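Working notes, structure below.
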Amino acid sequence: MVKLSVIVPFYNVQQYAPDTLKSLRGNTREDFEFIFVDDCSTDETPDILARAERELPGVVHVRHQKNGGLATARNTGIDKARGEYLTFLDGDDWLAPDYFPRLLAAIEELGCDFVRTDHVVSTAKARSIARVPQGRRGVVLNPRDAILPADRSTSVDYAYAWAGIYHRRLVDRGLLHFTDGLRTAEDRPWIWKLHREAESFATVGLLGVFYRRGVASSLTQIGDVRQLDFIRAFDQVIEETAADRDADKLLPKAVRTYCAIMAHHLGSIERFEPAVARKLRSLSSAALKRMPQDVLAEVMDSMDPQRASRLRRLRRRPTSARTVAA
């Protein structure tokens, strides 16, 4: 029986994949499987993965015939997974030796639906530790209780799928799949769904994932139209949270986070091509009009003046029927 399925999407990461694969060799076990999803890479990544399939035990290699994005690639891996537990790794990140066995031991000891972990942020010049914004460690908690307060960073703001491990019952309940086709912010609806609908989780102070920042091909570094998928992602968060039994309590947090990320993109709009920048403004204006207006007004009143002013100007902007439909 497979105990742990590790889902690793790859897309044009020939420079980094060897480090990722080397770290996986230090995390093998006879009851682990590694599901490599090549999302139609056009560089040397497929050849690197073909060699790894021969050398690394437990590899299941899947290749997409069309690039679908990270969310779709992860879903392919979830559908192929046979493990009692599942976890994720991105194709340009890497692990400490024996990290997965320790992570598996943590969730088995706690007996909860999912466990979240801290991680190491690695740039070209420095490393730092990013911690789950949850003070209680090693204790099983109700995920819903970790969404609030609205005015502080909480567990739903720590939306890294690879920073944790998940029991298969979440797959069976339809809670682990991502929204197909989202190319950025794919973790946001996913983490909110987990915290609204799963029954138990815990946070542990286990370091072992090294998250590579500043990768030139990463969508966080590219100002193209794919970045605008954050609007679709947060529209989904708002829609699903509005249907929740505790919508009145949870919506201020969802709207506040949406507004903060929207203001962030608008504040660095110069990195987008002119046509994409125009689309960002028009889609953001339409999104503000779709939000619960009473909640939005309260959120804007509590934001810093510069960001609030930026959003208020957009909120007053006329919106065409074509933009609303988009």
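The values are calculated or read from the model by the stated rules, or taken from the named source; none is laboratory data. Keep in mind the model is a prediction, meaning the values are calculated, not measured. Cβ coordinates were reconstructed from backbone atoms using ideal geometry, including for glycine residues, and neighbour counts include every protein chain displayed. For the accessible areas, the whole protein counts, side chains as well, though only heavy atoms, and no ligand, DNA or RNA atoms are used. Shrake-Rupley method; radii C 1.70, N 1.55, O 1.52, S 1.80 Å.
Among ASP92, ASP43, which is the only one that is farther than 25 Å from ALA159 by Cα, part of a loop (DSSP other than H, G, I, E, B) and either touching a residue at least 60 places away in the same chain (Cβ under 8 Å) or open to solvent by less than 50 Å² (accessible area, probe 1.4 Å) (or both)?
Exactly one residue qualifies, and that residue is ASP43.
Can you find a residue that is at pLDDT 95 or above and of a type in the set (Val, Ile, Thr) anywhere in the range 213-225? Working first, answer last.
So the first thing to find is which residues in the range 213-225 are at pLDDT 95 or above, and the list is none.
Taking every residue of the range 213-225 in turn, none turns out to be at pLDDT 95 or above and of a type in the set (Val, Ile, Thr).
Can you tell me which residue is least open to solvent (accessible area, probe 1.4 Å) among those in the range 139-159 that are more than 16 Å from THR257 (Cα to Cα) and assigned to a helix (DSSP H, G or I)?
PRO143
For the range 74-89, what are the residues that are in a helix (DSSP H, G or I) and either modelled with pLDDT under 95 or hydroxyl-bearing (Ser, Thr, Tyr) (or both)?
As a first pass, look at the range 74-89 and keep what is in a helix (DSSP H, G or I): 74-80.
Result: THR76, single match.
Just checking, how many residues over the range 160-194 are within 16 Å of ASP113 (Cα to Cα) and surrounded by fewer than 21 Cβ atoms within 10 Å (Cβ to Cβ)? Break it down stepwise before answering.
In the first step, residues of the range 160-194 are kept if they are within 16 Å of ASP113 (Cα to Cα); the result is 161-177, 190-194.
Adding the requirement that they be surrounded by fewer than 21 Cβ atoms within 10 Å (Cβ to Cβ) leaves 162, 168-169, 171-175, 177.
Going through the range 160-194 one residue at a time, the tally reaches 9.
Restricting attention to the range 111-138, which residues are surrounded by fewer than 18 Cβ atoms within 10 Å (Cβ to Cβ) and hydrophobic (A, V, I, L, M, F, W, C)?
Correct list: VAL120, VAL121, ALA124, ALA126, ILE129, ALA130.
Quick one: which helices (runs of 4 or more DSSP H) lie wholly within the range 226-292 and hold at least 3 residues that are acidic (Asp, Glu) and open to solvent by less than 20 Å² (accessible area, probe 1.4 Å)?
Ranges flagged: none.
Taking the range 95-136 as the region of interest, how many residues are assigned to a loop (DSSP other than H, G, I, E, B) and acidic (Asp, Glu)?
Going through the range 95-136 one residue at a time, the tally reaches 3.
Residue check: is VAL13 touching a residue at least 24 places away in the same chain (Cβ under 8 Å), in contact with a helix residue (DSSP H, G or I) (Cβ under 8 Å, 6 or more places away or on another chain) and assigned to a strand (DSSP E or B)?
no
Please find, among VAL60, VAL37, VAL2, the residue that is surrounded by 22 or more Cβ atoms within 10 Å (Cβ to Cβ) and either modelled with pLDDT of 95 or more or part of a loop (DSSP other than H, G, I, E, B) (or both).
Going through VAL60, VAL37, VAL2 in turn, just one is surrounded by 22 or more Cβ atoms within 10 Å (Cβ to Cβ) and either modelled with pLDDT of 95 or more or part of a loop (DSSP other than H, G, I, E, B) (or both): VAL37.
Restricting to the range 138-179, and then to whatever is out of contact with any Gly (no Cβ under 8 Å at 6 or more places or on another chain) and among the charged types (D, E, K, R), can you tell me which residue is farthest from LEU24 (Cα to Cα)?
Within the range 138-179, the match that is farthest from LEU24 (Cα to Cα) is ASP151.
If ASP19 satisfies all but one of (1) in contact with a strand residue (DSSP E or B) (Cβ under 7 Å, 6 or more places away or on another chain); (2) open to solvent by 40 Å² or more (accessible area, probe 1.4 Å); (3) assigned to a loop (DSSP other than H, G, I, E, B), what's the number of the condition it fails?
(3)
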